[in-house]
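Scroll down for the structure; my scribbles are underneath it.
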Amino acid sequence: MSVLFRTISGLGGMVRGTIYHLGAFTRLLAAILRRSGIAVSRPGLVSQQVHFIGNYSLLIIAVSGLFVGFVLGLQGYYTLNRYGSEEALGLLVALSLTRELGPVVTALLFAGRAGTSLTAEIGLMKAGEQLAAMEVMAVDPIRRVLVPRFWGGVIAMPVLAAVFSMVGVIGGWVVGVLLIGIDSGAFWSQMQAGVDVINDVLNGVIKSVIFGIAVTLIALYEGWNAKPTPDGVSRATTRTVVSGALAVLGLDFLLTALMFSN
Amino acid sequence: MTNSDAMAIAEPLLRFDAVALGYGDRTILADIDLDAHRGQVIAMMGGSGSGKTTLLRGATGQILPQRGTITVFGQDIAKVGNDGLRALRQRMGVLFQQGALFTDLNVFENVAFPLRELTTVSEEQITERVLEKLNAVGLRAAAHLKISEISGGMARRVALARAIVLEPELILYDEPFAGLDPISLGIIAQLIRGLTDRLQCTSVLITHDVAESFSIADRVYVVGQGRLLAQGEPKELSASTNPYVKQFLNGEPDGPIAFHYPDSPAFENWLRQKGIEP
């Protein structure tokens, strides 16, 4: 009896906990959006964060994009070659990158690189009483600390995804054209003819913006709610990567179903 | 001077009236009465864990009193609401126990932070005022350093400069003398006294440094055992025969204030689990 009782109450606790976190998460988003005026009145704060979040993620994004492009070039060639349509490699590489891999892989890397540093930074600011000090100075820490970081992440993410896709296409071209010897003209012209600006590129950009919002907000939420101890901050950082990655993959499925179904 | 001016000056900037403070259901301090007037340096003294920092949190509105009223600038802090609290806080300066400097900003920007966030003064004025305050704490030439490059004692002095940069009417210092060398200690104590006299502000020090705070304070409150143990001018307290006050001021190991943390059932249970009979 007690085992049954414990199981049911445990399940109930989990459901309540999930609802609580979803509610707190949404409230934090609302609080950030309400205070977003500072992003317009002091754009310097946001550009600083775009630099911090975006610029420092650039190398890992570009290198990953290049290797993903190489692999796409190889795998795509092996498959297309069976049907004698290896000229379509450019199209395959570009579509895979703009629709899926660009936004998704960038968001996963973004959660690992920028998300963790945001969580750790805010968690440590909390542990060092910096957020409390701001509040006592009559400065709203959500407005001053979270809002610039949120918009910094939301702006940086699509730009990084674009860089990833661009470098990936170059990677596909290096493998397909330079190493395997596909006709360069066919590679580019098929890509140009087959990639639609609205359906493929714009949808990819929309995806990356949504991933940017999700990952940045998760990182800020975890840092904001971290226990102000070394252990608490390290747990929060781990949760940022896990929740961020799951949210990206889950959202990707939903968005793909919405965008690319007929 | 009109009557209303005289009233305004006579009214304390900070008043605790039968206040009880604590966290959740737990009460840390009860029956606290305190008046802090313009131009006064008030020292709140007590041993470690006596609830001094809790008092400061009550004065800044970070926690609300469980009973009684805390009045800051004539307004009940529990009734002013968020905007009212923000307005009150703009007239206060707070030095945190650990400094709470912003680690992503350098020394200069830390001190400039309240000016940039809360005022519209020009960049030249910011530079001038920040360097002046840094000079007062002896760190003008450290303005360009990162927070990670300065020592703990320097960090406290930077935090002090930041707390006073807006020249607030009420300044709360949580352990301003902790971690300072004897030279800095004397200078900082005189700085607090001088600032209070010059700005006619109120300074409330939370400290357990007897000698330094007695040399600058107008009034001293001693807290311990969850309540206010004694209050008075430094001279009165020095002459006090109250055993608590005598033990605290003279740092005697024996007396009504226990050095050892009291036993609790939870501790005794823990001991039994270790196989030791309490």
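With both labels modelled 7 Å from their Cα along Cα-to-Cβ, the B:Gln125 to B:Glu252 distance reads 5.5 nm. Over all pairs of different C-alpha atoms, segment A:1-100 has a mean inverse distance whose reciprocal, the Kirkwood radius, equals 19.1 Å. Assuming a viscosity of 1.306 mPa s and a temperature of 10 °C, what translational diffusion coefficient in µm² per second does Stokes-Einstein assign to segment A:188-228, Rh being the Kirkwood radius over Cα pairs? The estimated diffusion coefficient comes to 127 µm²/s. Basic side chains Lys and Arg get +1 at the Cβ, acidic Asp and Glu get -1 at the Cβ, and with that the dipole of chain A about its Cα centre reaches some 1020 debye. Measuring between their Cα centroids, segment B:232-246 and segment B:120-140 lie 40 Å from each other.
Taking a sphere under 14 Å around the Cβ of A:Glu135 and counting the other residues whose Cβ falls inside, with K and R at +1 and D and E at -1, yields a net charge of +3.
Relative to one another, the C-alpha centroids of segment A:1-79 and segment B:170-217 are positioned 46 Å apart. When all alpha carbon pairs of segment A:151-194 are counted in 10 Å bins from zero, the resulting P(r) reads 26, 39, 22, 12, 1 %.
The Rg/Rh ratio of segment A:137-219, with both radii computed over alpha carbons and Rh defined as the Kirkwood radius, is 1.22. For segment B:6-145, the alpha carbon convex hull comes to 161 Å³ per residue, rounded to a whole number.
Amide H contacts for B:Ile28 (H built 1.01 Å from N in the peptide plane; partners 5 or more residues away or on another chain; cut-off under 5 Å): B:Leu21, B:Gly22, B:Tyr23.
Measuring r between the beta carbons of B:Thr103 and A:Arg27 and using R0 = 22 Å, the FRET efficiency lands at 0.20.
Across chain B, how large is the tail of the calculated P(r) beyond 26 Å, expressed as a percent of all Cα pairs? Counting every Cα pair in chain B, those more than 26 Å apart make up 48 percent. Charge dipole (Cα centre; +1 on Lys/Arg Cβ, -1 on Asp/Glu Cβ; no other charges) of segment A:1-102 amounts to roughly 740 debye. Once the Cβ-Cβ distance of A:Ile8 and A:Leu249 is raised to the sixth power relative to R0 = 22 Å, the FRET efficiency obtained is 0.15.
With all pairs of separate Cα atoms included, segment B:173-220 yields a Kirkwood hydrodynamic radius of 10.9 Å. Distances between every pair of Cα atoms in the protein assembly as shown, grouped in 10 Å steps from 0 to the bin holding the largest one, split as 3, 14, 21, 20, 16, 12, 7, 5, 2, 0, 0 percent. Once backbone amide H atoms are built at 1.01 Å from N, B:Gly224 has B:Leu229 as its partners under 5 Å, excluding neighbours fewer than 5 places away on the same chain. Placing a label point 7 Å from the Cα of A:Ala193 along the Cα-to-Cβ direction, the residues of segment A:55-92 with a backbone N closer than 14 Å are A:85-92. Of the residues B:His37, A:His21, the one with the fewest other Cβ atoms within 10 Å heads the list, and the complete ranking is A:His21, B:His37.
Taking every alpha-carbon pair in segment A:179-262 and binning the separations at 10 Å intervals from zero gives 16, 29, 22, 19, 10, 4 percent. Converting phi to 3J(HN,Hα) with the Karplus coefficients 6.51, -1.76 and 1.60 and the offset θ = phi - 60°, segment B:62-70 yields 6, 10, 9, x, 6, 9, x, 10, 10 Hz in sequence order, with x at every glycine or proline. Taking amide hydrogens as placed 1.01 Å from N in the peptide plane, the amide H of B:Val204 sits under 5 Å from those of B:Ile42, B:Ile171, B:Leu172, B:Tyr173, each at least 5 positions away in sequence or on another chain.
By the Cα gyration tensor, segment B:61-131 has an equivalent ellipsoid whose semi-axes, rounded to whole angstrom, run 29, 15, 9 from largest to smallest.
May I ask you to derive the relative contact order of chain B, considering only C-alpha pairs under 8 Å and at least 6 residues apart, and to give it as an integer percent?
Relative contact order here is 23 percent.
Restricting the calculation to Cα atoms, segment A:18-167 yields a radius of gyration followed by a Dmax of 19.9, 70 Å. Largest first, the three principal axis extents of the alpha carbons in segment B:161-278 are 61, 35, 27 Å in whole numbers.
Max-minus-min Cα coordinates of chain A on each principal axis give 66, 59, 34 Å, with the largest extent listed first. Residues in segment A:237-253 carry Karplus couplings, in order, of 4, 4, 4, 4, 5, 5, 5, x, 5, 5, 4, 4, 5, x, 5, 4, 4 Hz; the curve used is 6.51 cos²θ - 1.76 cosθ + 1.60 with θ = phi - 60°, and Gly or Pro positions show x.
Model label sites at B:Asn269 and A:Ser85, defined 7 Å from Cα along the beta-carbon direction, differ in position by 7.1 nm. Between segment A:221-253 and segment A:112-170, the alpha-carbon centres lie 13 Å apart.
Across every pair of different alpha-carbon atoms, what Kirkwood hydrodynamic radius in Å does segment B:146-194 reach?
Values: mean 1/r = 0.0874 Å⁻¹.
Taking the inverse mean of 1/r over all distinct Cα pairs, segment B:146-194 comes out at 11.4 Å.
Helix A:2-34 and the long axis of chain A differ in direction by around 80°, with both axes built from C-alpha atoms. Whole-Hz Karplus values for segment A:164-171 come out as 4, 5, 5, 5, x, 4, 4, x Hz, taken residue by residue from phi with 6.51 cos²θ - 1.76 cosθ + 1.60 and θ = phi - 60°; glycine and proline positions read x. Net charge in the neighbourhood of A:Gly123 (other residues with Cβ under 12 Å of its Cβ; Lys, Arg +1, Asp, Glu -1) is +1. Over every Cα atom in segment B:32-100, the radius of gyration and the widest Cα-Cα span, Dmax, amount to 12.5, 35 Å.
Placing +1 on the Cβ of every Lys and Arg and -1 on the Cβ of every Asp and Glu, with no other charges, gives segment A:42-188 a dipole of roughly 300 debye about its Cα centre. Ranking A:Val167, A:Asn199, A:Thr116 by Cα position along the charge dipole of segment A:107-262, where only Lys, Arg, Asp and Glu carry charges on their C-beta atoms, puts A:Thr116 farthest toward the positive end.
Values in this text are rule-based calculations from the coordinates and carry no lab data. Here the structure is a predicted model, which means the values were calculated and not measured. Positions of Cβ are backbone-derived with ideal geometry, glycine not excepted, and every protein chain shown enters the neighbour counts.
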